[in-house]
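Taking it in order: structure first as structure tokens, then the write-up.
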Amino acid sequence: MPRYVIERTFPEGLEIPTTTEGMKRCLAAVDDNATEKVTWIHSYVTVDHRKTFCIYDGPTPEAIRRAASLNELPVDSITEVNVLDPYFYVGSPATLLDEHTGRR
């Protein structure tokens, strides 16, 4: 399944309380997303709460947009991405090369 970063702008700020009500809102979004085969992985929120950068798995950008519409969420951009993890290289054959000679 492709992975996407979705950028959203909330001019008035995004406030989701850390209460049962906030939990219900998030779980409702998860349920709505599932109807489009979209999975919300996690989100990053700017300190002023006006922008989010959300990580989603989904079949297509159009499915992401439909899910956002169901949840009444804005979409500024959708970018397909791949994971780049610095820890992927730990223990790989490349790390076994001698730093100076390039030999094993």
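Details
- Matching residues, region 73-104, being more than 21 Å from MET1 (Cα to Cα) and at pLDDT 95 or above: LEU73, PRO74, ASP76
- Top-ranked residue of region 3-56 - restricted to ones that are of a type in the set (Lys, Arg) and more than 22 Å from ASN82 (Cα to Cα), ranked as surrounded by the fewest Cβ atoms within 10 Å (Cβ to Cβ): LYS24
- Neighbours by Cβ (under 7 Å, 6+ apart or cross-chain): first from region 47-73, free of Cβ contacts under 8 Å to residues at least 40 places away in the same chain and closer than 16 Å to ASP31 by Cα; second buried (at least 18 other Cβ atoms within 10 Å of the Cβ) and of a type in the set (Asp, Glu): ALA63/GLU36; ARG66/GLU36; ALA67/ASP32; ALA67/GLU36; LEU70/ASP32
- If you check LEU14, LEU70 for being under 19 Å from the mean Cα position of the chain (by Cα) and modelled with pLDDT under 95, only one passes: LEU14.
- Contacts under 6 angstrom Cβ, first residue in region 19-38 being within 24 Å of ARG65 (Cβ to Cβ) and free of Cβ contacts under 8 Å to residues at least 40 places away in the same chain, partner among the basic types (Lys, Arg) and outside any loop (DSSP other than H, G, I, E, B), 6 or more apart: GLU36/ARG66
- Taken over region 10-48, the criterion of being over 18 Å from ALA63 (Cβ atoms) and of a type in the set (D, E, K, R) is satisfied by GLU12, GLU15, GLU21, LYS24, ARG25, ASP48.
The values are calculated or read from the model by the stated rules, or taken from the named source; none is laboratory data. Note that the structure is a prediction, hence the values are computed from the model and not measured. Virtual Cβ from ideal backbone geometry, glycine too; neighbours counted across all protein chains shown.
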